Amino acid sequence: MIQYPELRRALIERVRYYRELGIYDFYRREPINASATPLLEEATLRESASEHREEMPRKSAVLAKPVESDPLPVLTVHPEQNVADTVAALRLIREDLGDCTRCKLHQQGRKQIVFGVGNPHADLMFVGEGPGADEDTQGEPFVGRAGQLLNNMIKAMGLRREEVYIANVVKCRPPGNRTPERDECETCSPFLMRQIAAIKPKVIVALGAVSAKNLLAINAPMSELRGRFYDFMPAGARSSDPEWQGAKLAVTYHPAFLLRDPRQKGEAWKDLQMVMKYLGLKPPMPV
Ligand code: URA
């Protein structure tokens, strides 16, 4: 917690200033020492210190303390931020991800990172939870049994798999296909947000509760999440296109859940029909 009102105000001002410049995301730097405070000029600190000295003459020495224990954020501009070419932007995001070791999934048996696949200019994007065994082996999302069902769902919407973009919240396989843990989702989802900002889809379909909750930052049951559109703007990522006002987001059941409980397929079809209506898609003619 930043305890000094002046310091806090100065920080808020600075963050507002960066927002106006179109810079939204900040990362914390490891605590070092008071001389390494990147965003507040020394003058601001001195000003703050002298003001507080009036009120708390014997506490001026503690000024460095909140700075040390709660370091100020460091600004990061993503390499793709002003790259209008979506393919190049996605390549930069993939490069930034690198051979990722940011969360514990990298040491828990993943074979490879599963970044995403499909049309970089897609109007429609599907977001799942995380790669399973088949995806981990092939390096592509939704290629196993759940993927076959997702392909059928896409086909029923009058599209081909190659026409949409498919990605996951986490890019590495959780061991034993367990649900990705909160810290894993929090570490990985900024990359998903950046993919979305680069692709600029019209509609995102969140597949299952893990995807929906991570994208929407809402903790609610599927029954409450489904059946409506949400306005979605990727958190902490900025599109290179000032015209893009974000996507509509719909939530439906995860295909793996539908394989376990096929009675819910009708409900999922209602969700997809809502998306089709919005995108002006017609189901394919029966052959
Ligand atoms: N389940 C997911 O959530 N994603 C995949 O890529 C495969 C299965």
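Since every read-out is calculated from the coordinates, none of them should be taken as a lab result. Keep in mind it's a predicted model, so treat the numbers as computed, not measured. Every residue, glycine among them, receives a Cβ derived from its backbone with ideal geometry; neighbour counts consider all protein chains shown.
Brief remarks follow.
- Relative contact order of the stretch 201-287, taken over Cα pairs closer than 8 Å and 6 or more residues apart, is 35 percent.
- Distance from the stretch 254-270 to the stretch 155-179 (C-alpha centre basis), Å: 15
- Inverse of mean 1/r across different Cα pairs in the stretch 73-213, Kirkwood, Å: 15.3
- Here each label is just a point 7 Å from Cα along the line to Cβ, and for ASN151 and GLN273 those points are 2.6 nm apart.
- Eligible lysines near LYS265 by straight Cα distance, threshold 24 Å, same-chain separation 8 or greater: LYS155, LYS202, LYS213, LYS248, LYS277, LYS282
- Per-residue Cβ neighbour counts within 10 Å put TYR165, TYR253, TYR278 in the sequence TYR278, TYR253, TYR165, beginning with the fewest.
- Peptides 212-221, 111-120 ordered by packing proxy, namely the average of other Cβ atoms within 10 Å per residue, highest first: 111-120, 212-221.
- Placed amide H near ALA220: partners under 5 Å, 5+ positions off or other chain: none
- Neighbour-count ranking [beta-carbon atoms within 10 angstrom, fewest first] of PHE126, PHE232: PHE232, PHE126
- Counted by neighbouring Cβ atoms within 10 Å, the residues THR137, THR252, THR86 run from fewest to most as THR137, THR86, THR252.
- FRET efficiency, 1/(1 + (r/R0)^6) with R0 25 Å, evaluated for PHE229 and GLU95 via beta carbons: 0.15
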